[in-house]
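None of the figures in this text is laboratory data; all of them are computed from the coordinates on show. This is a predicted model, so every value here is computed, not measured. Virtual Cβ from ideal backbone geometry, glycine too; neighbours counted across all protein chains shown.
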Amino acid sequence: MKLKSALLGGIAATSLAGLPVAVLAEGVKVGLITTLSGGGAGLGVDTRDGFLLALKQAGDAGAKVELIIEDDQQKPDVAVQIADKMIQSDGVDMLTGIVWSNLAMAVVPAATAQSKFYLSTNAAPSALAGAGCNPLYFSVSYQNDNLHEAAGAYAKSAGFQKMFIMAPNYPAGQDSLTGFKRFYDQGEITAEVYTQVGQTDFAPEIAQIKASGADAVFFFQPGGMGIAFMKQYAESGADIPVIGPGFSFSQDVLPAVGDAAIGAKNSGNWSPDLDNAANKAFVAAFRAEYGRLPSLYGAYAFDTANLLLSAMDKAEVSDAEAFRAALKAADFTSVRGKFSFGANQHPIQDIYMREVIKLEDGTLTNKIIDTALSDRADAYVDQCNMQ
């Protein structure tokens, strides 16, 4: 199914049922690989829709982006096959869109080795932030540890003395617990548990939590995993408070989790109530276009597309050095407010604590209750020797 970019004003991206999808225009050709099926589809759908919304709002400038969208099915081998096809057959200038860090670790080094830019809308594993940094790789979202670091700082400030911590066993999950422990440097970790990616039965882990004697639980379970865990946790009658990164309580999972999420504290570098003009306009436009509030993933993708457009306004992608400099300048208005890149081309930004609330219309969402970390870069930037 192909759509000319001029038609985007009349067609919601949620109607894009046939894949791959191409938005035809002259200019930079972008391959957007994301998860559009299975338990992680909500994350990829918001990624796609946020990116498309930015292009639509940009008008003629957005029409200069030729976008090819394909579903990675949350499988590394499929993502690699798609990336190779996009680079070698479709002739893309850059790649973007991957949600999952194990997929990013399979695709990003191969893409940069073939002299293609990669702009990350989400996944940002530590291996690519430190010694594995690359001039062609930018993370527009965060570094994987960041939101978990903020949750650790909150758990410390809240005075929790015993923490049960849990995450899926893949690069982002490993980074998450590393980040949490970096800032939670008091008390005791009663258990550090790694679950399976895609797991939907958490009865054994919930039994461990109940028996652990923990004051609180920190868990990172994005997408369908988080929905399953929170539902089962509520049904179990467990009364130990839970803390998570924003991914565990993102807008794409809250409707499915339901009222069990109300009051949960979680960290995020973006929130729908973030008080700046760009964010207010983005949230209103996203809701008008798609009939729902955006998630973190939609906000990151929206920023990524606007970063790309800002660079296109300054340099040609064929001049890699000039285009990289244009990207690194980050001369766009982020929905997160202040935004800049560190030496390893990962963001420097504020990270907040949020609380799940229910609006008067019954919508579950998050509101900011505090700033956990200010102007946070990441723990790996000094390991990056990139010039």
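A compact table of results
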quantity	calculated
Span from the segment 324-366 Cα centroid across to the segment 227-296 one, whole angstrom	15
Mean Cβ count within 10 Å, highest first, over the residues of peptides 65-75, 284-294	65-75, 284-294
Dipole magnitude of segment 182-328 about its Cα centre (Cβ charges: Lys, Arg +1; Asp, Glu -1), debye to nearest 20	220
Crossing angle, helix 296-312 versus the chain [Cα axis fit, 0-90 degrees, rounded to tens]	30
Segment residue 374-residue 131, length gained on full extension (0.36 nm per residue, minus Cα span)	85.0 nm
Taking segment 281-387 and dividing mean pair separation by its residue count, relative contact order in percent (alpha carbons under 8 Å, at least six apart)	17
Crossing angle, helix 76-88 versus the chain [Cα axis fit, 0-90 degrees, rounded to tens]	20
Assigned charges on the beta-carbon of Lys, Arg, Asp, Glu; segment 82-186 dipole about Cα centre (debye)	280
Helix 101-113 vs. the chain, principal-axis angle (Cα, 0 to 90°, nearest 10)	30
Average Cα contact separation per residue, the chain, under 8 Å, 6 or more apart, as relative contact order %	17
Qualifying lysines (Cα of each under 27 Å from Cα of residue 328; at least 8 residues distant if same chain)	29, 56, 64, 116, 280, 314, 338
Nonlocal amide H pairs with residue 28, under 5 Å, H built at 1.01 Å	66
Among [x] 96, 54, 28; [y] 63, 50, 36; [z] 60, 48, 39, the entry derived from the coordinates for Cα extents along the principal axes in Å	[z]
